Structures are given as structure tokens and as C-alpha cells.
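Colleague: There's a structure below that I have some questions on.
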Amino acid sequence: MNDQVNKVNLLGLSLPKLIAFFESFGEKKFRAVQVAKWIHQRGASSFEEMTDISKKLRQKLEEIAEVRDPEILFQHFSKDGTRKWVVKVAGNNSVETVLIPDGDRATLCVSSQVGCSLDCSFCSTGKQGFNRNLSPEEIIGQLRVAIGSFGPFDSNGPRRVTNVVMMGMGEPLMNFEPVVDAMSLMMDDNAYGLSKRRVTLSTAGVVPMIDKLGDVTDVTLAVSLHAPNDALRDKIVPINRKYPIEDLMSACQRYLDKCDDKRGITFEYTLLKDVNDQPEHAHELIKLLKRIDCKLNLIPFNPYPNSGYERPGDETIRAFQNLVHRSGIVTTVRTTRGEDIDAACGQLVGQVTDRTRRSERYIKLLDQSLTVRDNLGL
Ligand code: SAH
């Protein structure tokens with residue numbers, strides 16, 4: 001087993017990095033492209049099956065590299081078509097991935113970290129505290145697992161997942177390079193070939209990283225706003241104390257300018273009963289959002305035990321949506337999917353046992369989470 005330890009897992013290498021890897025032992029760029037297509041478009045897991053590559057090169061690759069998917073610990077297929085996987089990642093951790101089919105589309109919600117350091121007050125992932133960042137192969141591995149769940153890859157393999165949203169566990173901008181590498185594979189024509197419209201990164205608002213992101217990619221940006229003013233946002237999205245709404249809005253505008261993106265930012269707003277769901281919040285939100293090209297995605301709170309929050313009633317949700325929509329801002333309500341398998345937003349906690357274990361772990365990790373917040377200066 002020891003000889004495996006130092007093998008490079010090719011799954012997570014972006015095309016430029018894969019090419020550099022091949023060149024490091026004197027192989028040409030086009031060989032790297034061939035191997036990328038085998039891995040990402042044809043679903044190969046071994047070098048043996050890469051029949052258009054010389055035996056000698058395959059042997060060499062066998063010695064120094066591997067193509068290793070994350071291990072699936074559990075999978076649940078919901079009655080509404082949603083599929084959820086708990087995959088094992090290094091260090092005996094697990095993360096969750098959810099596939100949400102909708103007509104012609106199938107959107108995969110991908111995790112970027114084990115736990116999360118930002119500790120938004122209503123999010124169950126945050127309550128776990130932060131454990132560690134995922135590697136690029138652990139991120140792209142989630143996509144391979146989802147595609148592979150429909151059977152062996154064929155020429156349409158990568159098309160089985162039409163959209164990817166970095167909206168699973170974790171704050172993607174706190175794990176910058178691995179996330180950017182994984183997204184570049186998602187969009188590379190020699191890998192998954194998704195257009196930038198179909199790859200969305202969601203952030204709670206790590207302002208300097210939004211600027212950095214705009215320098216290297218032009219994926220669709222979603223921002224978790226959840227409150228229309230600093231007083232309220234400070235309480236429910238603690239990173240706001242470091243990067244307040246004005247700074248966040250300016251960073252969003254700079255991102256749009258760099259990407260030349262006419263579709264604008266998608267703002268996410270989780271509706272919490274009697275906290276941020278009143279008409280005055282809607283009016284304040286309209287004023288804020290009018291200044292920028294955007295749409296609004298309302299997420300009715302998905303409850304979980306001891307969250308301390310409730311989902312507003314349907315009438316309140318509709319009233320909030322109508323108010324904002326009438327002001328000219330496209331406003332959608334995210335329908336909850338996969339609730340029967342705990343796959344809805346904020347329910348992703350890398351659960352490996354039952355709920356009791358989960359709450360024990362929650363208590364253990366709370367301390368850790370507070371430490372991380374201190375480190376962030378929050
Ligand atoms: N850290 C990133 C990625 C998470 S995306 C971010 O904050 O954007 C998941 C989205 O679901 C975020 O908008 C998050 O705030 C929201 N969310 C978390 N818990 C939720 C819950 N219990 N109910 C509804 N939405 C929730």
C-alpha cells in the first residue's frame with residue numbers, strides 16, 4: 001500500500017497543471033489532453049483502459065499517478081428525484097453532494113469544505129465548525145460520483161449534470177485555489193465543458209476573495225445576503241462585521257465589470273420568520289438591489305432541530321416575493337427539494353450516523369467554531 005501514498009491523483013489537476021505534470025517527465029501536451037478526456041469525459045478510473053496511449057506511457061503513469069474517486073459512504077435517492085451522496089474525504093471526514101433534477105436540467109450542489117468557519121446563525125453546516133478544506137480532486141470527485149450514478153459514462157456522460165452550484169458545505173472563497181481549479185475543469189472543453197452560466201459560486205461575502213475571483217474566472221456569482229442592513233446582517237451573517245454591505249455591494253459591482261456579465265449577481269436571501277421577512281425588510285432590500293444588475297432568490301428557511309429559527313408561512317413568503325418582484329427585480333422562491341433525505345439547503349452536515357450523534361458532534365465542534373471566528377477577527 002505504501003507505494004500508493006505518493007502517487008498524484010490526476011482527478012484534481014486543472015488542464016494547465018495536468019500539462020505541466022506531463023511535461024515534467026518529457027511528455028507532450030496533447031497526451032495530457034488525451035488523458036483528461038479519458039478521465040473526465042469517458043469516466044476512466046484506470047490507465048489500462050486508455051487504449052490510445054502507448055503501453056510504455058501507461059506503465060509510467062501507473063507508477064507515478066492514479067485516478068481515484070472519493071469513496072461513497074451513503075447514497076440516498078429521494079422520491080422527488082433528488083440524489084444525495086455522503087462521500088468520504090481524507091482524514092476520516094465526510095461531505096455531502098446533492099443532485100437536483102428539474103426537467104431538462106440537473107443541478108449538482110457541491111461541497112468545498114468539511115464544515116464551515118463562517119458560522120451563519122441559521123445554517124446547520126456552520127454549527128459543525130470548520131474541519132478542513134477539500135482538495136481539488138475531492139471537489140471534482142463529487143461531480144464524477146454524480147455522473148457515474150447513472151451508469152458507465154458514455155459520450156453524453158458529462159451532460160448528465162447540466163449545472164453545478166458551489167452551494168454545498170463550506171465557504172468556497174475560503175478554499176480559493178482548489179475551488180478555482182475544480183471549476184476550471186468543470187468549464188474546460190477537454191473535461192466537463194460547462195459554460196460559465198452553468199457554474200455558480202456562492203459566497204457569504206468574503207470581499208477580497210470576490211476581487212481575486214474576478215481576476216481568474218468569470219463564473220456566475222451568487223451572494224448570500226440574508227439581510228438588507230448591517231445591524232441585522234451582523235447578527236445572522238457574522239462575516240458582515242468584517243465586510244459590511246456597502247463593501248460587499250462594491251465588490252459585486254467590480255466583479256460584474258470584470259466579467260462583462262449582463263445577467264448580474266444572484267442574491268440569496270433565506271427567509272427567517274419574524275427576523276428578515278417583513279415588508280420593511282423587502283422595501284429596504286429593494287433600495288439596495290436597485291443599484292446593481294441582479295436577481296433575487298428567496299430560500300424559505302429549512303428547519304432542523306434546535307435551530308432557533310422558523311420558516312415563514314407561505315403567505316408571508318409570497319408577499320415578500322411580490323413586493324420585490326413588483327419593483328422590477330426578478331425574484332424567485334427556491335422550492336425545497338430532497339427534504340425527505342435531509343438534502344435541502346443548510347441541512348448538509350456530512351451526516352454519517354443518526355441525529356443524536358450529530359448533536360453530540362455539534363456541541364464538540366461549537367468551541368472549535370468560536371475559535372475560528374476569533375481567528376477571523378469576528
Ligand atoms: N458558504 C456559501 C455557500 C453555501 S450556499 C454561502 O454562504 O453562500 C447555501 C445557501 O443556503 C446559503 O445562502 C446559505 O446561507 C443558505 N442556507 C444555509 N442554511 C439554510 C437553511 N437552514 N435554510 C435555508 N437556507 C439556508
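Colleague: Nearest 500 deg cm²/dmol is fine: what mean residue ellipticity at 222 nm does the chain get from its DSSP H runs of n ≥ 4 alone, each adding -39,500 (n - 2.57), divided by its residue count?
Modeller: It lands at -10500 deg cm²/dmol.
Colleague: Return the long-range amide H neighbours of Ser78 (sequence gap of 5 or more, or a different chain), with a cut-off of under 5 Å between placed amide H atoms.
Modeller: Answer set, sorted by chain and number: Arg83, Lys84.
Colleague: Over the range 89-222, calculate the relative contact order: mean separation of alpha carbon pairs under 8 Å at least 6 apart, over the residue count, as a percent.
Modeller: 24 percent
Colleague: Take the Cα gyration tensor of the range 51-104, multiply each eigenvalue by 5, square-root it, and list the three semi-axes largest first, rounded to whole angstrom.
Modeller: Result for the range 51-104: semi-axes of 34, 18, 7 Å.
Colleague: Can you give the FRET efficiency for Lys60 and Asp230, using 1/(1 + (r/R0)^6), R0 = 51 Å, r = Cβ-Cβ distance, to the nearest 0.05?
Modeller: After rounding, the FRET efficiency stands at 0.35.
Colleague: Related question: Just name one of Ala282, Leu173, Val8: the one whose Cα is farthest towards the positive end of the charge dipole of the chain (beta-carbon charges, Lys/Arg +1, Asp/Glu -1).
Modeller: It is Val8, whose Cα lies furthest towards the positive end.
Colleague: Among Arg105, Arg31, Arg233, what is the fewest-to-most ranking by other Cβ atoms within 10 Å?
Modeller: Arg105, Arg31, Arg233
Colleague: Too long at a 23 Å Cα-Cα cut-off: which of Lys235/Lys258; Lys262/Lys290; Lys235/Lys273; Lys17/Lys242; Lys7/Lys28; Lys84/Lys212?
Modeller: In this structure, Lys235/Lys258; Lys17/Lys242; Lys84/Lys212 exceed 23 Å between Cα atoms.
Colleague: Do you know the relative contact order of the chain, to the nearest whole percent, from alpha carbon pairs under 8 angstrom that are 6+ apart?
Modeller: Relative contact order here is 17 percent.
Colleague: Just report the Cα centroid separation between the range 244-289 and the range 10-36, whole Å.
Modeller: Each part reduced to its Cα centre gives a spacing of 40 Å.
Colleague: Hey, another quick one. Please work out how much length the chain gains when fully extended from Lys28 to Arg197, using 0.36 nm per residue of separation minus the C-alpha to C-alpha distance, in nm with one decimal.
Modeller: 57.7 nm
Colleague: Enumerate the amide H contacts of Ser224 below 5 Å, restricted to partners 5 or more residues apart or on another chain; note that Pro and chain-start residues carry no placed amide H.
Modeller: Correct list: Thr203, Ala204, Gly205, Glu268.
Colleague: Give me the log10 of I(q) over I(0) for the range 125-206 at q = 0.13 Å⁻¹, as the Debye formula computes it from C-alpha points; what are the numbers?
Modeller: Log-scaled intensity ratios, in q order: -0.42.
Colleague: Related question: Whole-Å semi-axes of the range 2-66's equivalent ellipsoid, largest first, each the root of 5 times a Cα gyration tensor eigenvalue?
Modeller: Gyration-tensor ellipsoid for the range 2-66: 15, 14, 13 Å.
Colleague: Given R₀ = 35 Å, what would the calculated FRET efficiency be for Val8 paired with Asp211, taking r from the Cβ atoms and rounding to 0.05?
Modeller: 0.65
Colleague: So what is the relative contact order of the range 1-114, in percent, for Cα pairs below 8 Å that sit 6 or more residues apart?
Modeller: Averaging sequence separation for qualifying contacts and normalising by length gives 17 percent for the range 1-114.
Colleague: Excluding residues fewer than 8 places away in the same chain, name every one of the aspartates and glutamates whose C-alpha is closer than 16 Å to that of Lys88.
Modeller: Asp69, Glu71, Glu96, Glu137, Glu138
Colleague: Please name whichever of Ala227, Leu57, Ala106 sits farthest to the positive end of the charge dipole of the chain, dipole taken about the Cα centre and charges placed at Cβ: Lys and Arg +1, Asp and Glu -1.
Modeller: Leu57
Colleague: For the range 175-289, taking Cα atoms only, what is the radius of gyration to one decimal and the Dmax to the nearest whole Å?
Modeller: Considering the range 175-289 through its Cα atoms, Rg and Dmax are 15.2, 49 Å.
Colleague: Let me ask something else about it. Could you give the size of the charge dipole of the range 159-249 about its Cα centre, using +1 on the Cβ of each K and R and -1 on the Cβ of each D and E, expressed in debye and rounded to the nearest 20?
Modeller: 420 debye
Colleague: Let me spell out the model: positive unit charges on the Cβ of Lys and Arg, negative unit charges on the Cβ of Asp and Glu, origin at the Cα centre of the range 71-376. What dipole size does that give, in debye rounded to 20?
Modeller: Dipole size: approximately 340 debye.
Colleague: Which residues among the range 123-145 fall inside the zone where the amide N is under 20 Å from a point 7 Å beyond the Cα of Asn92, along Cα→Cβ?
Modeller: From the range 123-145, the list is 128-135.
Colleague: Angle check, please: helix 245-259 long axis (alpha carbons) against the longest principal axis of the chain (alpha carbons), in degrees 0 to 90, nearest 10.
Modeller: Once rounded, one gets 40 degrees.
Colleague: Another question, if that's okay. Compute and list, largest first, the equivalent-ellipsoid semi-axes of the chain from the alpha carbon gyration tensor, each √(5λ) rounded to a whole angstrom.
Modeller: Those come to 37, 23, 20 Å.
Just so you know, all these numbers are worked out from the coordinates, no wet-lab data involved. Nothing here was measured: the structure is a model prediction, and the numbers come from that model. Virtual Cβ from ideal backbone geometry, glycine too; neighbours counted across all protein chains shown.
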